[in-house]
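Right, one structure below, let's go through it.
The values are calculated or read from the model by the stated rules, or taken from the named source; none is laboratory data. Since this is a predicted model, take the numbers as computed values, not measurements. Don't worry about glycine lacking a Cβ; one is built from the backbone with ideal geometry, like all the others, and counts go over all protein chains shown.
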Amino acid sequence: MNATVDEIAPDLFRITCFVERANFQFSSFLVRDEEPLLYHTNLRGLFPEIKAGVESVLDPATIRWVGFSHFESDECGALNDWLGIATHAEPFCSFVGARTSIGDFSDRPPRVLGADERIQTGSHTFQVIETKHVPHGWDASLLFEESSSTLFCSDLVGQGGNVEALTEGDIVGRSEDYTQRQSEGPMSGAVPFTGETIPILERLAAMNPTTLACMHGSSFTGDGGQVLRDFGTILQRLNSKNRH
């Protein structure tokens, strides 16, 4: 399969493989800047395709930063493959991510970003936001680019199918269908619902993102805060339904 490459915001490229047997897209996001940044290394099995997509934009050896939300194969399975070709690249993650997995897994020590720290890549400024158990795992965090108000939201608002790269349409409706089917099958509980889920989503929404870089399915441009609030309502409703 070949990766598709789409510029979904200035200097932000969505590099995506559609896995037909899963009816699912897997996206990495590349930020072209003085210090290029890759978010989601993607699966090791997709490394050649994602690498080819990156090569259509810039030299992969120039990647300086590699980030991801949580320890999972599609998030960081190919981390060491990328570190092998980008010899100056530095992985970055949350404190819990470094302590529980990445500090041991990574061939290069990760940089831990605290709440008040930023990464400057040139014209872009990035902030890591700890979002424990949102979307998955104790180590979860998300990435926010301040100048363009872009939230790299990992598995949040995930959608199935081979859909368009970017939309202003109803990704919440698509995500509700996908999330409900997940909740009824062997992947039930994939996005846990805790007492902190809605406050975390509200905190993200209050940042007023105008682009949501979704790992699975279409990315979104528009009122990203409302999308996140609506997604929280879906999770709350499905949790209530499953408890009864």
Q: Could you check, for the stretch 134-142, whether at least one of its residues is surrounded by fewer than 17 Cβ atoms within 10 Å (Cβ to Cβ), aromatic (Phe, Trp, Tyr) and in contact with a helix residue (DSSP H, G or I) (Cβ under 6 Å, 6 or more places away or on another chain)?
A: yes
Q) Across the stretch 90-130, what is the total count of residues that are touching a helix residue (DSSP H, G or I) at 6+ places or on another chain (Cβ under 8 Å), free of Cβ contacts under 8 Å to residues at least 40 places away in the same chain and of a type outside the set (Asp, Glu)? A) 9
Q) Among the listed residues GLU164, GLU176, which satisfies the condition of being at pLDDT below 95 and among the acidic types (Asp, Glu)? A) GLU176
Q. Given (1) surrounded by 13 or more Cβ atoms within 10 Å (Cβ to Cβ); (2) modelled with pLDDT under 95; (3) over 15 Å from the mean Cα position of the chain (by Cα), where does ILE200 come up short, assuming only one miss?
A. (2)
Q. Just one of PHE29, PHE68, PHE24, PHE92 is of a type outside the set (Gly, Ala, Ser), buried (at least 17 other Cβ atoms within 10 Å of the Cβ), modelled with pLDDT under 95 and within 24 Å of ASP139 (Cβ to Cβ); which is it?
A. PHE24
Q.
Can you confirm whether THR16 is modelled with pLDDT of 95 or more, within 23 Å of ASP81 (Cα to Cα) and not in a strand (DSSP E or B)?
A. no
Q | From the options LEU30, LEU46, LEU38, LEU58, residue that is part of a helix (DSSP H, G or I), out of contact with any His (no Cβ under 8 Å at 6 or more places or on another chain) and not small (Gly, Ala, Ser) | A | LEU46
Q) Which condition number in (1) among the basic types (Lys, Arg); (2) over 14 Å from the mean Cα position of the chain (by Cα); (3) not in a helix (DSSP H, G or I) is the one that ARG21 fails? A) (3)
Q: For the stretch 72-90, indicate whether the set of residues that are within 17 Å of ARG32 (Cα to Cα), under 18 Å from the mean Cα position of the chain (by Cα) and not in a helix (DSSP H, G or I) is non-empty.
A: yes
